[in-house]
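Following: one structure in structure tokens, then a few remarks.
The values are calculated or read from the model by the stated rules, or taken from the named source; none is laboratory data. Since we're looking at a predicted model, the values are computed, not measured. Heads up, the Cβs are rebuilt from the backbone with ideal geometry, glycines too, and the neighbour counts pull from every protein chain shown. These accessible areas exclude ligands, DNA and RNA; they are computed on the full protein's heavy atoms, side chains included. Shrake-Rupley method; radii C 1.70, N 1.55, O 1.52, S 1.80 Å.
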There are 4 protein chains.
Amino acid sequence: MKQQQKPKYKQIIDAAVIVIAEKGYHQSQVSKIAKQAGVADGTIYLYFKNKEDILISLFREKMGLFIEKIEEEIKGKETAKEKLLTLIEKHFSILAEDHHLAIVTQLELRQSNLELRLKINEVLKGYLLLVDSILHAGIETGELREDLDVRLARQMVFGTIDETVTSWVMNDQKYDLPTLAPKVHNLLINGFGA
Amino acid sequence: MKQQQKPKYKQIIDAAVIVIAEKGYHQSQVSKIAKQAGVADGTIYLYFKNKEDILISLFREKMGLFIEKIEEEIKGKETAKEKLLTLIEKHFSILAEDHHLAIVTQLELRQSNLELRLKINEVLKGYLLLVDSILHAGIETGELREDLDVRLARQMVFGTIDETVTSWVMNDQKYDLPTLAPKVHNLLINGFGA
Amino acid sequence: MKQQQKPKYKQIIDAAVIVIAEKGYHQSQVSKIAKQAGVADGTIYLYFKNKEDILISLFREKMGLFIEKIEEEIKGKETAKEKLLTLIEKHFSILAEDHHLAIVTQLELRQSNLELRLKINEVLKGYLLLVDSILHAGIETGELREDLDVRLARQMVFGTIDETVTSWVMNDQKYDLPTLAPKVHNLLINGFGA
Amino acid sequence: MKQQQKPKYKQIIDAAVIVIAEKGYHQSQVSKIAKQAGVADGTIYLYFKNKEDILISLFREKMGLFIEKIEEEIKGKETAKEKLLTLIEKHFSILAEDHHLAIVTQLELRQSNLELRLKINEVLKGYLLLVDSILHAGIETGELREDLDVRLARQMVFGTIDETVTSWVMNDQKYDLPTLAPKVHNLLINGFGA
DNA sequence: TATGAATGAGTTTTCATTCAT
DNA sequence: GATGAATGAAAACTCATTCAT
């Protein structure tokens, strides 16, 4: 009887997060990930096309959950302001609760080659569309100013959140990230306000 | 007289910008940079400790000019708002005028390993301090709100600018970047306003 | 009843011929052969000791039929000359009728490692003995010259036939091979003649 | 003071012959060849594009000498018969004098993939053209029969010689190969004769 | 100063074979 | 008999850096 409850696919992705977070992107050989996952090197290739596929799948999988969770929380909120606050809070709290994931997404995965990063950006689009939809709704209801440049605003939202999280990770996650959510929200929403 | 004054030093850095922009970070071998610079491979090592030193020097050199130019422009401005607008305008225009540099700083150099990126961040501190000083002055004069969290505000400024430029580069610099400066400025300053 | 009688054994060998002919020796993984044969990978190992065993069995099986057919045709012939002509004709026609087999024996199987090729040579000995017997009989009857070095003559027969077939395969079997039989026979027999 | 008189290119090729002859084709890793040549692994790639390039260069280099030597000897001969005898003698003696080379060309190199073997065949064409020219000249002078199919005759010459040498190598070069030249010549020439 | 030939460490991926079911 | 998921060993090639000239 083996204890492998988790299907190997997820098992390998989780192993990749741990190895990359602890050893760094360039020290994360496939053999290390396999060892961490408790499978043979070759088994990796039954579930992933190649090493890059592990990383893009990792990102897709995690970002998928990310977006799912945020969407779920947002549903219950009325106003665009509340929705944006929820998005920031959730973004911060998810990463604050998974230090490994935070290191991997903010620091390590960015060392990947351009090709992989373009694929990662594809996945990110889902997140950016979510931000867009919040902004559009806000404009619709008159909460946000009519002439708001949604693309710029979205870049501001994402750029600010991302830079805030990265700074926090680079400072070894010393301070409490979710605490910052209301202040970040406030700074952003003021700029967008009617 | 530092070596930095000598032509070959700059010659190699400029060659590096060209090679990295055209071939991509991972296709920029020392031998290619040497060839582009018109020197022998070994000569590189008379001016730089190692490959990383070329890249960090490149960044330091270009970012130094960057900050110098911005500081110079800012001097003539009175208010924090004007200074911030100038900073954004200049940031955008410098990169819009040097497509190679834009590609290198926004896309290629970010593929470097964590160690190099931490060193790059050291260089970036000069820029961030400049932003900080503008914000502090603005608070001082009452232009910006008293309770502004300067660190967060700085992350917002930098995050937004950086994300805007990166989007622009990733979209093949299709649209005019400097044109966006006032709108970006407006979005930011609203959030910071008293 | 040997396993060789059972359908799956032949099924796998025929699959191997097809896969090797179409994909090439180095692209003929066991899993591909299994798929072509319509069995599971593991099933292969119920009928063959290992991959090499498939190949050597393939050669033995096909070469066995080869020799059988030739021997049968030869029986009806009186003189050594006629027998040799029949051997050449049959050799050419069998391969001309099975393009896959021709590719496999003349090109692909020769890429195998030395060990396998030595085993293949063992199988070939049956064919060479057949040639020998024809030559000996010819000397006996005075048809061929007394002082004929049978080993050399056999190498000439086999070398010539093999080279002719290989050239034909390498030229994409463009021309008609069996047509060449009388000319090849003529060239050989003249050299051997009394 | 180093003793490397031989340029590295030839040094590596000679090392490859030794390693392949002694270890076998599939046990001839680039690192082994480098070690035998007394250079670093990377040095190989300063002189050869890749591993295949070593092998094709080896063949081209050795076959070049082969053809040169034979052509030189043949010049002095009058008749086609004498020329053919010289070709056979020389072919046999060159390989008899270099056991390593004989093993490599007759056994080991034939295990290479089809692509490489096609390239090797290109090189072989020089040799086959030489045979052709002898045969044509012989027909011209009436020494060989008018209706001789030169392509078939060439295949017979090459096939016979090649098979004879291969048999000799496979029998561990036990007997004296050059001794066989007149007999092989005799068998061939009888078949071609007017 | 300047050169450039030489170095050699380091990693992804394939695929024949096994064995629990 | 039949399956197919899992195993794990094995090798070509790149490129930053050095150092004799």
- Task: Using the 2.2 N^0.38 Å rule of thumb for compact globular proteins, work out how region D:124-194 stacks up: its C-alpha Rg over that value, please.
- Result: 1.20
- Message: Applying a 10 Å radius around every beta-carbon, put C:78-91, B:132-145 in order of their mean neighbour count, most first.
- Response: C:78-91, B:132-145
- Task: Would you calculate a helix-derived [θ] at 222 nm for chain C, using -39,500 (n - 2.57) for each DSSP H run of n ≥ 4 and dividing by the full residue count, to the nearest 500?
- Result: -24000 deg cm²/dmol
- Restricted to pairs 8 or more residues apart or on different chains, the lysines in region B:70-194 with C-alpha atoms under 15 Å apart form a number of pairs equal to 7
- In whole angstrom, how long is each semi-axis of the equivalent ellipsoid of region B:1-132, when you take the square root of 5 times every eigenvalue of its Cα gyration tensor and sort them from largest down? 29, 15, 14
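Compute for region B:10-87: radius of gyration divided by Kirkwood radius, i.e. Rg/Rh, restricted to C-alpha atoms, rounded to two decimals. Before the final figure, lay out each step's value.
On the way: Rg = 16.6 Å, Rh = 14.0 Å.
Rounded to two decimals, Rg/Rh equals 1.18.
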- One decimal, nm, shortest first: give the distances between the label point of B:P7 and those of the same position in the other copies, each label point 7 Å from Cα along Cα→Cβ. 3.5, 6.5, 8.3
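If you count, for every residue in C:160-172, the Cβ atoms of partner chains within 10 Å of its Cβ, what is the mean?
Values: counts 11, 4, 4, 11, 5, 2, 3, 8, 1, 0, 4, 0, 0.
So the per-residue partner count for this stretch is 4.
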- Note the per residue figure in Å³ for the convex hull of the C-alpha positions in region A:1-48. 71
- Using only protein heavy atoms and a 1.4 angstrom probe, determine the accessible area buried between A and B, summed over both sides, in Å² to the nearest 100. 3000
- Item | Percent of C-alpha pairs per 20 Å bin, the protein assembly as shown, short to long | 13, 31, 22, 21, 11, 2, 0
- Query: Evaluated at 20 °C with a viscosity of 1.002 mPa s, what Stokes-Einstein diffusion coefficient in µm²/s does region A:58-192 have when Rh comes from the Kirkwood expression over alpha-carbon pairs?
  - Reply: 140
- Message: Compute accessible area for region B:108-124 by itself and then with all protein chains, 1.4 Å probe, and report residues whose area falls by 50 Å² or more.
- Response: B:Q111, B:L114, B:R117
- Item | Carbon + sulfur, % of accessible area of the protein assembly as shown - ligands and nucleic acids excluded, 1.4 Å | 50
- 20 Å Cα-Cα reach of B:K32 towards aspartates and glutamates, excluding residues that sit fewer than 8 places from it in its own chain: B:D14, B:E22, B:D41, B:E52, B:D53, B:E108
- Message: Using only the alpha-carbon atoms, what does region A:55-130 span along each of its principal axes? Please give whole angstrom values in decreasing order.
- Response: 40, 24, 17
- Task: Hydropathy first: keep DSSP H helices in chain D averaging at least -0.5 on Kyte-Doolittle, then drop any whose Cα extent along the axis falls short of 27 Å, and list what survives.
- Result: D:51-75, D:114-140, D:150-170
- Roughly how many whole Å is it from the C-alpha centroid of region C:53-109 to that of region D:92-127? 26
- Compute the accessible area per residue over region B:88-155, keeping the other protein chains in place, probe 1.4 Å, unit Å². 42
- If you put a point 7 Å past Cα along the Cβ direction, how far is that point for A:S93 from the same point in each other copy, in nm, smallest first? 4.6, 8.6, 9.3
